[in-house]
1. Can you tell me which residue in region 73-95 is farthest from THR29 (Cα to Cα), limited to those that are of a type outside the set (Val, Ile, Thr) and loosely packed, with under 14 Cβ neighbours inside 10 Å?
2. Residues in region 256-278: is at least one in a helix (DSSP H, G or I) and within 30 Å of GLU150 (Cβ to Cβ)?
3. Within region 215-232, is there a residue that is among the basic types (Lys, Arg) and assigned to a loop (DSSP other than H, G, I, E, B)?
4. Can you tell me which residue within region 106-120, out of those that are of a type in the set (D, E, K, R) and surrounded by fewer than 15 Cβ atoms within 10 Å (Cβ to Cβ), is nearest to GLU161 (Cα to Cα)?
5. Quick test for you: out of LEU248, LEU241, pick the one residue that is in contact with a strand residue (DSSP E or B) (Cβ under 6 Å, 6 or more places away or on another chain), modelled with pLDDT of 95 or more and closer than 20 Å to LYS195 by Cα.
6. For region 197-214, which residues satisfy the criterion of being under 16 Å from PHE11 (Cα atoms) and either assigned to a helix (DSSP H, G or I) or without any contact (Cβ under 8 Å) to a residue 12 or more places away in the chain (or both)?
7. In the list LYS155, LYS121, which residue meets the criterion of being farther than 28 Å from LYS189 by Cβ and touching a Gly at 6+ places or on another chain (Cβ under 9 Å)?
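The values are calculated or read from the model by the stated rules, or taken from the named source; none is laboratory data. Please read these numbers as outputs of a predicted model, since none were measured by experiment. So basically every Cβ, Gly included, is an ideal-geometry build from the backbone, and we count neighbours across all protein chains shown.
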Amino acid sequence: MSKETSFKKEFTLGDRIVRRMGYGAMRITGKGIWGPPRDKAEAVRVLKRAVELGVTFIDTADSYGPHVSEDLIAEALYPYPPDLVIGTKGGFLRTGPDQWTVDVRPEHLKNALEGSLARLKVDQIELYQLHRVDPKIADKTFEFLQGVQEEGLVKHIGLSEVGVDEIKKAEEYFEVVSVQNMYSVNNRKWESVLKYCEDTDKAFIPWYPMDASKADSISKLDAISREVGATSHQVALCWLLHHSPNILLIPGTSSVEHLEENMKAELIALTPGQLKKLDDLG
């Protein structure tokens, strides 16, 4: 079978060129994304290995732990390589394992941002992403983000779990360079947002890159993974790289072995026929 499909491996995020295969640092925490990881030494090795493998975009948040993920990134990687972009997020209040409460009040975001700057040991966050938009106070939230960008505390701003109208509303205050929404080969709920991001040259950062609850699509994905000698997760990541040139991937793991497996998704050769079958899963 022909193996001629290909994709661009880099994308310009704001004013920085990053490798599209990035790393998501949510899993280097404890169970329920709460507290320290079970194996801190392995978490540090994961971060160092990610950079060794050429990762230039790491995604984190003050709520991961909380604070644990950012602290470990600084411990493992500071001073940072000049080509590394670290994006963090604010907008969740944590009260326990697996508990997430939206809080995008300016006073909360101010404390969150100040904490992220201190933990990451930087004077400016290169990409600051809002976890959620609360329509009741959206204008106040956007005004706050506009202000911290003008102060130079934040270079670029992204949003998460938003529709096109919310992006357009935010852009009355600042440029949105990235959107992070749930999206996968078998969950295309936000396809319209992806297309809008393509048209406006924004990064689209999918999280939860494979919906394991959809048994029929998983069985079809498994069949293709056997054809190419890869895992289903690798094929799902590879499809995302093919599907849109502005998709940045942030698969997360607390294992060096799994990290290396994820990175190999870039190397999988999919035929046009296989890509068509994967396209049809959506």
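1. PRO82
2. Step one: filter region 256-278 for residues in a helix (DSSP H, G or I), giving 256-267, 272-278.
Add one more test, that the residue is within 30 Å of GLU150 (Cβ to Cβ), and what stays is none.
There is no residue in region 256-278 that is in a helix (DSSP H, G or I) and within 30 Å of GLU150 (Cβ to Cβ).
3. No, region 215-232 contains no residue that is among the basic types (Lys, Arg) and assigned to a loop (DSSP other than H, G, I, E, B).
4. The qualifying residue nearest to GLU161 (Cα to Cα) is GLU107.
5. LEU248
6. Filtering region 197-214 down to residues under 16 Å from PHE11 (Cα atoms) leaves 197-206.
Once the filter is applied, which keeps residues that are under 16 Å from PHE11 (Cα atoms) and either assigned to a helix (DSSP H, G or I) or without any contact (Cβ under 8 Å) to a residue 12 or more places away in the chain (or both), region 197-214 yields CYS197, GLU198, ASP199, THR200.
7. Just one listed residue meets the conditions, LYS155.
Okay, residues lined up against (1) under 27 Å from GLU107 (Cα atoms); (2) among the hydrophobic types (A, V, I, L, M, F, W, C); (3) without any contact (Cβ under 8 Å) to a residue 40 or more places away in the chain:
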{"residue": "GLU151", "(1), (2), (3)": "yes, no, yes"}
{"residue": "ILE167", "(1), (2), (3)": "yes, yes, yes"}
{"residue": "VAL193", "(1), (2), (3)": "no, yes, yes"}
{"residue": "SER217", "(1), (2), (3)": "no, no, no"}
{"residue": "ARG226", "(1), (2), (3)": "no, no, yes"}
